[in-house]
Structure formats: structure tokens, C-alpha cells
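*Asks:* Starting off with a structure, shown below.
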Amino acid sequence: MSASQPAKPLFGSTGGQHMLGGLIDHRETFGPHVVEGFVRSLSGLHIVVDLGAGSGRDLAIVKRFHPRATLIAVEGGKENAKNLTGKVDRVYLSNIERDPLPLADSEVDLVIANQFLEHTKEIFWIFHEVSRALKVGGHFLFGVPNICSLHNRLLLLIGKQPTQHKVCSAHVRPFSKSDTLAFLKACFPEGYELAKFRGAQFYPFPPRLARILADILPTFAFSIFFMIRKTKEYHNEFAVYPSRAELETNFWVGDVATSSQYRTRDRELP
């Protein structure tokens with residue numbers, strides 16, 4: 001390759017760059033209009049936390065409607081954390097999949113995680129920390145790619161991998177509406193109720209038509225957005241679930257659960 005030729009992107013490094021990607025507006029994937037609608041419907045927000053805050057887009061939406069709220073960004077990327085400084089009230093650089101959130105129990109009114117959870121393995125630890133930090137009556141607003149979107153269903157019919165969940169990519173965990181609600185019910189029974197649910201982005205249509213279709217058929221949309229309300233006190237239910245269910249994966253749950261077969265701390269191997 002000559003010095004004048006640009007290097008070819010590595011496989012998996014250009015998410016969304018496929019034959020359908022040129023037909024849509026990628027900003028719709030993050031559902032800013034959905035986040036705005038959810039945030040506008042809330043009142044009494046004092047402390048708002050954004051996990052994987054990125055550029056601070058969603059916290060800026062919160063600030064427009066709740067200017068007195070304390071805005072906290074939790075980021076795993078150094079550059080993102082640096083760029084957020086001065087835009088929000090507090091910025092924490094943290095490994096969100098292993099570190100406790102720098103928040104007191106039952107302190108937070110709203111947690112946001114938009115297009116973040118699909119990048120993570122440690123779903124039990126993250127929901128444990130969110131549930132610990134949220135007040136009873138507080139909300140968790142999260143948006144994720146929908147593995148059951150219309151275009152993914154069609155791709156699977158012809159033996160193709162869903163666009164958002166390829167093996168060599170940044171996304172490691174798929175979501176659908178029914179499975180996400182089943183996860184919440186299994187791990188924290190009656191601990192959350194679904195306050196709002198919407199879809200955003202609809203392949204392969206332009207924004208105006210995509211919004212109409214996503215509103216009519218949210219479970220077929222590219223992204224799905226949940227706003228769940230915490231309804232009772234939390235007692236480590238998410239963190240102990242992997243050992244209770246004998247899940248055969250070494251999920252990280254900190255020091256909360258002690259009975260997992262994969263826990264090796266303080267144990268000598270033969």
C-alpha cells in the first residue's frame with residue numbers, strides 16, 4: 001500500500017457502514033426526540049446520572065427541561081470524560097462494568113443509559129448499581145438496539161447476522177422488549193414497572209417516515225427505549241441472581257454474592 005492511500009478500516013470498526021446505512025439518518029438511532037419526550041414527562045428531578053454519557057447530548061436535553069438538576073456523567077472513555085468537563089456538574093471516569101457508582105444508596109432521581117448497555121457484558125452488576133443508587137420512585141431510561149427489528153428479522157430469514165450484533169463488533173449483548181422485561185421480572189420481581197416504551201429509527205426509511213413507523217410499530221424499530229420506575233427498596237437482587245440461577249458464566253458481582261462457582265477470591269485451587 002502506498003503512503004498516499006488511506007488504510008482500509010479494520011473489519012468491525014465501522015458500525016452502520018453497510019448498504020442500508022446510506023438511506024437513513026444515523027442520529028435517529030439515538031432517539032433524541034424519544035429521550036426528550038420521556039424527560040419532559042418527569043418532575044422533581046434533583047440528581048440525574050448518564051452512564052456512558054458520550055458527548056453529553058442527553059444530559060443537555062435534561063438541562064433544558066430541568067435546569068436546577070445536578071447533572072452527573074459517568075464515562076469509561078478518557079477523551080469523552082475530558083470533553084464533558086465544564087458541560088455538566090460532575091464527571092467520573094470509571095470502569096462501569098466493575099466499579100461501584102460514586103453515588104449513595106437511593107440518591108438518584110433518573111439514570112440514563114442510551115446506546116450503552118449493548119456494549120457491556122456485566123448486565124447484572126450495572127443493574128445492581130443503578131438499582132442501589134435510584135430512589136424508590138426514580139426512573140431508569142435506557143435505549144438499546146433491537147435485535148427483533150424488522151430488518152434484523154429479514155436478515156435472519158436469509159441466514160445473515162443482525163447488523164447491530166456481529167461477532168467482530170463493539171456490541172456484545174442483544175436486547176428485545178419481551179426479553180428485557182423478563183430479565184427485570186426474574187431478577188428483581190415487582191421492583192420495576194414499565195412507565196414508557198417507544199421505538200426510534202426504522203431501517204431503511206428516511207427520518208420522517210422512520211419516526212411514523214417506529215411510533216406505530218415500536219417492537220420492529222431499530223432502537224427501543226424503556227423508561228422503568230423503581231417501585232420498592234432494593235436488596236442486592238441483581239447481584240445475587242447469577243449464583244442463584246447457577247448461570248455458567250463468570251459474571252462480575254463485586255463482593256455482593258459469595259456462592260458463585262466462579263468466585264476465586266480467598267479460595268486456593270489444587
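*Asks:* Give, rounded to the nearest 20 debye, the magnitude of the charge dipole that the chain has about its Cα centre when Lys and Arg contribute +1 at Cβ and Asp and Glu contribute -1 at Cβ. Intermediate values should be presented prior to the final figure.
*Replies:* On the way: 32 positive and 27 negative charges, 158 e Å.
Approximately 760 debye in magnitude.
*Asks:* Run the helix sum for the chain: -39,500 (n - 2.57) per DSSP H stretch of 4+ residues, divided by residue count, reported at 222 nm to the nearest 500 deg cm²/dmol. Present the calculation step by step, with values, prior to reporting the outcome.
*Replies:* Numbers: 8 runs with 73 residues, N = 270.
Taken over the chain, the calculation gives -7500 deg cm²/dmol.
*Asks:* While we're on this one: How many angstrom lie between the Cα centre of the range 50-74 and the Cα centre of the range 101-151?
*Replies:* Rounded to whole Å, the Cα centres lie 15 Å apart.
*Asks:* Expressed as a whole percent, how much of the Cα-Cα distance distribution for the range 147-264 exceeds 21 Å? Mind showing how you got there, number by number?
*Replies:* On the way: 3733 of 6903 pairs.
Roughly 54 percent, rounded to a whole number.
*Asks:* Shifting gears a bit: Connecting C-alpha atoms closer than 10 Å in a GNM of the chain, tell me which of 256, 48, 136 has the biggest fluctuation.
*Replies:* Largest GNM mean-square fluctuation: 256.
*Asks:* Starting from the Cα of residue 121, draw a straight line to each of the aspartates and glutamates and keep only those under 13 Å, dropping any in the same chain fewer than 8 residues away.
*Replies:* Straight-distance partners of residue 121: 97.
*Asks:* For residue 138, enumerate residues with amide H under 5 Å from its amide H, sequence gap 5+ or separate chain, H modeled in the peptide plane.
*Replies:* 230
*Asks:* Treat each spin label as a single point 7 Å out from the Cα along the C-beta direction, and report the residue 57 to residue 193 distance in nm.
*Replies:* 3.2 nm
*Asks:* Using a Gaussian network for the chain with springs between C-alpha atoms less than 10 Å apart, which of these wobbles most: 223, 149, 178?
*Replies:* Fluctuation is largest for 178.
*Asks:* At 7 Å along the Cα-to-beta-carbon direction for both residue 185 and residue 68, put a label point, then send me their distance in nm to one decimal.
*Replies:* It is 3.9 nm.
*Asks:* OK, next. Where a Cα-Cα gap under 23 Å defines reach, which lysines qualify for residue 87, not counting those fewer than 8 residues away within the same chain?
*Replies:* 63, 78
*Asks:* Follow-up. Under 13 Å Cα to Cα from residue 196, which aspartates and glutamates show up? Leave out anything in the same chain fewer than 8 places away.
*Replies:* Within the straight-line limit of under 13 Å, residue 196 reaches these aspartates and glutamates: 36, 215.
*Asks:* With log10 I(q)/I(0) by the Debye sum over Cα atoms at q = 0.10, 0.11 Å⁻¹ defined as stated, name the option among (1) -0.79, -0.88; (2) -0.49, -0.59; (3) -0.55, -0.66 computed from the structure displayed.
*Replies:* Structure-derived value, by its label: (3).
*Asks:* Counting Lys and Arg as +1 and Asp and Glu as -1, what is the net charge of the other residues whose Cβ lies under 14 Å from the Cβ of residue 25? Write out the running numbers ahead of the final one.
*Replies:* Values: positive: 27, 208, 211; negative: 28.
Net charge around residue 25: +2.
*Asks:* So the label point goes 7 Å from the Cα of residue 247 along Cα→C-beta, right? Which residues of the range 132-164 then have their backbone N under 17 Å from it?
*Replies:* So the set is 132.
*Asks:* Between residue 170 and residue 216, how high is the FRET efficiency from 1/(1 + (r/R0)^6) when r is the Cβ-Cβ distance and R₀ = 51 Å? Nearest 0.05.
*Replies:* Values: r = 30 Å, r/R0 = 0.58.
Between residue 170 and residue 216 the formula returns 0.95.
*Asks:* Going by amide H atoms built from the backbone, whose H comes under 5 Å of the H on residue 108, apart from near neighbours?
*Replies:* HN-HN under 5 Å from residue 108: 134, 135.
*Asks:* Amide H neighbours of residue 173 under 5 Å, counting only residues 5+ apart in sequence or on other chains, H built in-plane at 1.01 Å?
*Replies:* Here the answer is 120, since their amide H atoms fall under 5 Å of that of residue 173.
*Asks:* Nearest 5 is fine: what % of DSSP beta bridges in the chain come out antiparallel, could you say?
*Replies:* Details: 15 of 34 bridges.
Of the beta bridges lying entirely in the chain, close to 45 percent run antiparallel.
No lab work stands behind these numbers, since they all come straight from the coordinates. Everything numeric here is computed off the predicted structure, so don't read it as measured data. In this analysis, Cβ positions are derived from the backbone assuming ideal geometry, glycine residues included, and neighbour counts consider all displayed protein chains.
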